[in-house]
Amino acid sequence: MRFGVMVGGHTSRISLEGFVEVARDLESRGFDTMWIPHVFGHDAISLAAVVGRETERIELGTAVVPTYPRHPTSIAQQAITTGAACGGRFTLGIGLSHPPVIERMIGLSYSRRAKHMREYMAVLGPLLRGEPAKFEGEEYRVEMTVDVPDAQPVPVIIAALGERMLEIAGREAAGTILWMGGFGAIEHHIVPKLRAAAQEVGKPEPRVVAGMHIVLTSNAAAANEHVARMLESYRLMPSYKAMIEREGSAEPGDFSIVGDEKVLDAGIERLRSIGVTDFDANILAFEEGSRERTLDYLESRL
């Protein structure tokens, strides 16, 4: 299992130079990937291009860029350009986002979600592979090619929790990137359905990137209370609410890894055993020094 760290988010105030510094630190420690959220700050794809030019080995990935606001040909050009800037170390994570963002904040329709993603991938997939896109659908009608002379492969992974999205991710993409997927849902719902979809079309084993809160702390009770409060806000998002219901509980320990080294070891080993290929560690900013302690712990497990 590969180890990555999520850097940024809607509460972060990290500058461009700050992202570069963090990426260099993660690279020097030996981490495989730095995952960059796309929320209401920096553009994640552009940021990956900047960071990619300032690093040498670490993979950069987006977690995740919403599809509705961007035409697939535009995101293809941007992603291919970023892939070139990263020297082939860029993975494009995309997703539908949520109704409050797409409908209320941006004013776009959030309808026909599975059909939208199928059409989106029918255009985006060929372009990222360096092939012409020729597609006629209800939402997109495209006939074009993207020609970037220094293009590098850009794998795409799709945020998928529901059955239809998992089918699309398995059949059309390199895998999925998860948030708010509990241990039980990953083992019994996400991994089996994703693998089955990939096998049906003869694709290799899909990538399963599991984003999850983690913190090394001696005050696990207070940290779990903090996670529990966050879980309540996630219930407002239908896709996350469905994952809580599928898990059968809203216990913090089902959706995070919090505690001492033995607890963290057990959580990481469980992720590995249920088919997760990449751990996307979102270090919980819970108490002073928690980020550095947790980073040191994760580095020791690489």
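The values are calculated or read from the model by the stated rules, or taken from the named source; none is laboratory data. The structure displayed is predicted, hence computed values, not measured ones. Don't worry about glycine lacking a Cβ; one is built from the backbone with ideal geometry, like all the others, and counts go over all protein chains shown.
Answer yes or no as to whether Arg272 is without any contact (Cβ under 8 Å) to a residue 60 or more places away in the chain and among the charged types (D, E, K, R).
In short, no.
Name every residue in segment 104-121 that is outside any helix (DSSP H, G or I) and under 21 Å from the mean Cα position of the chain (by Cα), in order of residue number.
Tyr110 - this is the single residue of segment 104-121 that is outside any helix (DSSP H, G or I) and under 21 Å from the mean Cα position of the chain (by Cα).
Kindly check whether there is at least one residue in segment 231-252 that is in contact with a His (Cβ under 8 Å, 6 or more places away or on another chain), at pLDDT 90 or above, surrounded by 14 or more Cβ atoms within 10 Å (Cβ to Cβ) and among the hydrophobic types (A, V, I, L, M, F, W, C).
No, segment 231-252 contains no residue that is in contact with a His (Cβ under 8 Å, 6 or more places away or on another chain), at pLDDT 90 or above, surrounded by 14 or more Cβ atoms within 10 Å (Cβ to Cβ) and among the hydrophobic types (A, V, I, L, M, F, W, C).
Mind listing just one residue for me: the one in segment 17-55 that is in contact with a His (Cβ under 7 Å, 6 or more places away or on another chain) and not aromatic (Phe, Trp, Tyr) and, of those, farthest from Thr91 (Cα to Cα)?
So in segment 17-55, the residues in contact with a His (Cβ under 7 Å, 6 or more places away or on another chain) come out as 39-40, 44.
With not aromatic (Phe, Trp, Tyr) added as a condition, the list becomes 39, 44.
On the way: Val39: 17, Ala44: 11 Å.
Filtering first and then ranking leaves Val39.
Exactly one condition in (1) touching a strand residue (DSSP E or B) at 6+ places or on another chain (Cβ under 9 Å); (2) in contact (Cβ under 8 Å) with a residue 24 or more places away in the chain; (3) surrounded by fewer than 21 Cβ atoms within 10 Å (Cβ to Cβ) is false for Asp43; which is it?
(2)
If we keep just the residues of segment 52-97 that are outside any helix (DSSP H, G or I) and of a type in the set (Ser, Thr, Tyr), which is surrounded by the most Cβ atoms within 10 Å (Cβ to Cβ)? Write out each step before concluding.
Keep residues of segment 52-97 that are outside any helix (DSSP H, G or I), which gives 54-71, 86-97.
Next cut, of a type in the set (Ser, Thr, Tyr) only: 55, 62, 67-68, 91, 97.
Numbers: Thr55: 20, Thr62: 25, Thr67: 23, Tyr68: 19, Thr91: 27, Ser97: 24.
Checked segment 52-97; the qualifying residue surrounded by the most Cβ atoms within 10 Å (Cβ to Cβ) is Thr91.
Report whether or not Ile274 is surrounded by fewer than 19 Cβ atoms within 10 Å (Cβ to Cβ) and modelled with pLDDT of 85 or more. Write out each step before concluding.
Values: surrounded by fewer than 19 Cβ atoms within 10 Å (Cβ to Cβ): yes; modelled with pLDDT of 85 or more: yes.
Taking the combined requirement at face value, the residue satisfies it.
Listed here are the residues, each with its yes/no results for (1) among the aliphatic types (A, V, I, L, M); (2) surrounded by 13 or more Cβ atoms within 10 Å (Cβ to Cβ).
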{"residue": "Leu108", "(1), (2)": "yes, yes"}
{"residue": "Tyr120", "(1), (2)": "no, yes"}
{"residue": "Leu128", "(1), (2)": "yes, yes"}
{"residue": "Ala133", "(1), (2)": "yes, yes"}
{"residue": "Glu138", "(1), (2)": "no, no"}
{"residue": "Ala151", "(1), (2)": "yes, yes"}
{"residue": "Ile157", "(1), (2)": "yes, yes"}
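So which of Ser28, Ser97, Ser15, Ser46 is at pLDDT below 95 and more than 21 Å from Met121 (Cβ to Cβ)? Full working, then the answer.
Working: Ser28 fails: at pLDDT below 95; Ser97 fails: more than 21 Å from Met121 (Cβ to Cβ); Ser46 fails: at pLDDT below 95.
After applying the criteria, what remains is Ser15.
From the residues in segment 159-190 that are on the phi < 0 side of the Ramachandran plot and in contact with a Pro (Cβ under 6 Å, 6 or more places away or on another chain), which one is surrounded by the fewest Cβ atoms within 10 Å (Cβ to Cβ)?
Result: Ala174.
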